[in-house]
Amino acid sequence: MALAVGVGSPYSKRIANALRVGGYKEALSLPAPKPTEYADPHSFRADYMLSTYLSKFEGFGGDADRLQRESIQSFIETESSVRKVNTFLRLGSAFGGVEGVLSDARRKISRLLDRVNPDDCEFPFGEFIEGCGWGPGATATLNSSQSQLDKKILETQLSVTRRAAPYANAYFQYDSSWCGARFGYPVEQCMLLPSEFQIIEYDRFTTVPKNWKTRRSIAIQPTLNIFLQKGVGRMLRNRLRRDGINLDDQSRNQSLAQRCYAEGYCTIDLAKASDTVSLELVNLLFPPSWLKVMDDLRTRYTKIGDHMHKLEKFSAMGNGFTFELESMIFYALLWSVVRCEAGDMRSEIGVYGDDLIVSRQHYDRVVEVLSYCGFTVNAEKSFKDGPFFESCGKHFFHGVDVTPIYQKNRVSTLPEAIRCANRIFRWALHSGHLDSRVRTAWEISCSFANSFLVNRFARLCRVPQMPWYLEGDDALLYPSFSGKTNAHGQMSITTLSFSPTKVEASGYALLSYTLRCGVERDSPFNGLLSLRGYGKYRVRQRLVTRRLYGDLAWF
């Protein structure tokens, strides 16, 4: 399938030779094509997709135990380097040439957190309470199969760290409906007894796939810690939005990345950014009132097997405010370099997590400041000049979108077969025509999908070969139609829609959640909760406008 892309180019020939000699792993080990060796986006786009298509594939059957050991070793090595950064910052020996930048960054963060009294910044507990909430995943004491909303609300003993417990108790005095759900009858005001809490002082270490040869570490937080951390994260997010940094939308960074080549910007990506936000750096940059709350709500230890590791970082991915915290730190540092030190009030600053964009003239100084603060620039994903730039999942060559597609899972179901075909189709549908270099790969995917259609849905559909659409996807499996249209120019297509499995949940828990969120209508749950990852696909008909999906030809 992948060999259909870029056939005839020198890079595709190297890929083909590597496949013959050592298989897919050998081919994926080849270095990515160098943008500077290409004259136009069209040729680079094909070879670039060829090099990345299976880079995140999880079906090569790698040694899971070995990958887990490597992740743990990487975690320990990163913590060791952060320990050194903490020592340098604590002693002031790492301030050479960046004292002014750090001072300006601290003032910027204080102004972001409290525009009225930045010199006497107080933590707004009322706003904090309104922002607390749940994430979708597991907690340190509830695995993924027990992570439904009502299970978290009614956990026999709510897990929480000792420092965060007073905040949890204060919250329960505010939210009497949650207490009522736990007791099974309405209450007006209460304070939970210590027996309602399970005091644990650690987060749970786990890993998730990053690509075919590495895994990313995640720190799964105690149940109440993650609930409270979300409140801090929401406040940081809101304050960044006031300054034009919207962490709910990646489009600004993507647009800036497209303009990098023409307007002289550069993109910077950091390696293990969230794992290298040191304790001392946060101590230096944040006002005492905010620092105390964040320090109380974070976990100080990570449990790896039976070993407890004391953290040198302030927080990791899995903490409910890590993403917002690192974004605010990076924005403040870039703002201090660009606006204060360089006096540049015109160029734009883009920050989304560790995806950073600044004017090219500030690149070297920004990298220097970030290095002093303990961060490592990812040289493979940072671009100061040249024709190629990337940010927030979008890739551009001379300002032209060359974003590749990825096949992460083995195709073994009808929905995945449709998604696989549609990913290729979307990549092919570029500049108003279909790129014939992926036609063979697309046809193989369609044929594979058709075999599922005939075997599973032949009795439900008279013409199983007609266009199929996977609801939630944004492309059709087939680019041409032979169906008739109605008077409104619409035609009927067969679709697959996913219906999640729903299970009966605690009415008390769902009611307490609805009351807390202030939903001014009937409860959206109706006494049921969806099970993540469980459900089935249903066949139904959908009307689409033919003129939007007219016949397309391959070029």
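The values are calculated or read from the model by the stated rules, or taken from the named source; none is laboratory data. For clarity, every value in this text was computed on a predicted model and none was experimentally measured. All Cβ positions, even for glycine, are placed from backbone atoms using ideal geometry, and neighbour counts span all protein chains on display.
Quick notes on this one:
- The set of residues in segment 280-303 being of a type outside the set (A, V, I, L, M, F, W, C) and within 25 Å of the chain's Cα centre (by Cα) consists of ASP295, ARG298, THR299, ARG300, TYR301, THR302, LYS303.
- When restricted to residues that are more than 13 Å from ASN422 (Cβ to Cβ) and in a helix (DSSP H, G or I), segment 432-453 contains 11.
- Among the residues of segment 50-65, at least one is among the hydrophobic types (A, V, I, L, M, F, W, C), assigned to a helix (DSSP H, G or I) and touching a helix residue (DSSP H, G or I) at 6+ places or on another chain (Cβ under 9 Å).
- Inter-residue pairs, beta-carbon under 6 Å, first among the acidic types (Asp, Glu) and in segment 164-178, second part of a helix (DSSP H, G or I) and buried (at least 17 other Cβ atoms within 10 Å of the Cβ), 6+ apart: ASP175/ARG516
- The one condition in (1) under 18 Å from the mean Cα position of the chain (by Cα); (2) more than 16 Å from CYS392 (Cα to Cα); (3) surrounded by fewer than 16 Cβ atoms within 10 Å (Cβ to Cβ) that ASP248 fails to fulfil: (2)
- Residue ranges of helices (runs of 4 or more DSSP H) in segment 177-287 with at least 1 members under 17 Å from GLU326 (Cβ atoms) and among the hydrophobic types (A, V, I, L, M, F, W, C): 223-242, 279-285
- All strands (runs of 3 or more DSSP E) inside segment 307-407 with 3 or more residues being outside the structural domain of ASN238 (by TED's automatic domain parsing) and more than 26 Å from ARG111 (Cα to Cα): 388-391, 394-397
- Here is the figure for segment 378-393: residues that are surrounded by fewer than 18 Cβ atoms within 10 Å (Cβ to Cβ) and closer than 25 Å to ARG346 by Cβ total 3.
- Selection from segment 221-245 of residues that are within 19 Å of HIS362 (Cβ to Cβ) and surrounded by fewer than 19 Cβ atoms within 10 Å (Cβ to Cβ): ASP243, GLY244
- Only one of the numbered conditions (1) among the aromatic types (Phe, Trp, Tyr); (2) buried (at least 22 other Cβ atoms within 10 Å of the Cβ); (3) farther than 21 Å from ALA316 by Cα is not met by TYR185, and that is (2).
- For beta carbons closer than 7 Å, sequence separation of 6+ or different chains, a first residue in segment 385-401 that is farther than 12 Å from PRO41 by Cβ and a second that is crowded, with 20+ Cβ neighbours inside 10 Å and of a type in the set (D, E, K, R), the qualifying pairs are SER391/ASP355; CYS392/ASP355.
- Selection from segment 154-182 of residues that are of a type in the set (A, V, I, L, M) and farther than 13 Å from LEU228 by Cα: LEU154, ALA181
- Residue within segment 171-187 that is within 21 Å of LEU297 (Cα to Cα) and β-branched (Val, Ile, Thr) present: no
- Yes/no for LYS502 being over 20 Å from GLU130 (Cα atoms), modelled with pLDDT of 75 or more, loosely packed, with under 13 Cβ neighbours inside 10 Å and of a type outside the set (A, V, I, L, M, F, W, C): no
- Residue check, TYR171 at negative phi and part of a helix (DSSP H, G or I): yes
- Here ALA379 meets each of (1) closer than 23 Å to ALA441 by Cβ; (2) without any contact (Cβ under 8 Å) to a residue 12 or more places away in the chain with one exception, condition (1).
- Among the conditions (1) in contact with a Leu (Cβ under 8 Å, 6 or more places away or on another chain); (2) modelled with pLDDT under 85, GLY432 misses just one, which is (1).
- The set of residues in segment 2-40 being modelled with pLDDT of 85 or more, of a type in the set (Lys, Arg) and more than 28 Å from PHE555 (Cα to Cα) is empty.
- Residues satisfying the criterion are absent from segment 92-102 (criterion: among the acidic types (Asp, Glu) and surrounded by 15 or more Cβ atoms within 10 Å (Cβ to Cβ)).
- Scanning segment 44-61 for residues that are out of contact with any Pro (no Cβ under 9 Å at 6 or more places or on another chain) and buried (at least 16 other Cβ atoms within 10 Å of the Cβ) yields ALA46, LEU54, PHE57.
- Condition check for GLY350: over 22 Å from VAL85 (Cα atoms), of a type in the set (Gly, Ala, Ser) and surrounded by 24 or more Cβ atoms within 10 Å (Cβ to Cβ): yes
- Flag if TYR38 is buried (at least 17 other Cβ atoms within 10 Å of the Cβ), in contact with a strand residue (DSSP E or B) (Cβ under 9 Å, 6 or more places away or on another chain) and more than 28 Å from THR302 (Cα to Cα): yes
- Screening segment 150-177 for residues that are closer than 18 Å to LEU511 by Cβ and modelled with pLDDT under 90 and picking the one that is surrounded by the fewest Cβ atoms within 10 Å (Cβ to Cβ) gives TYR174.
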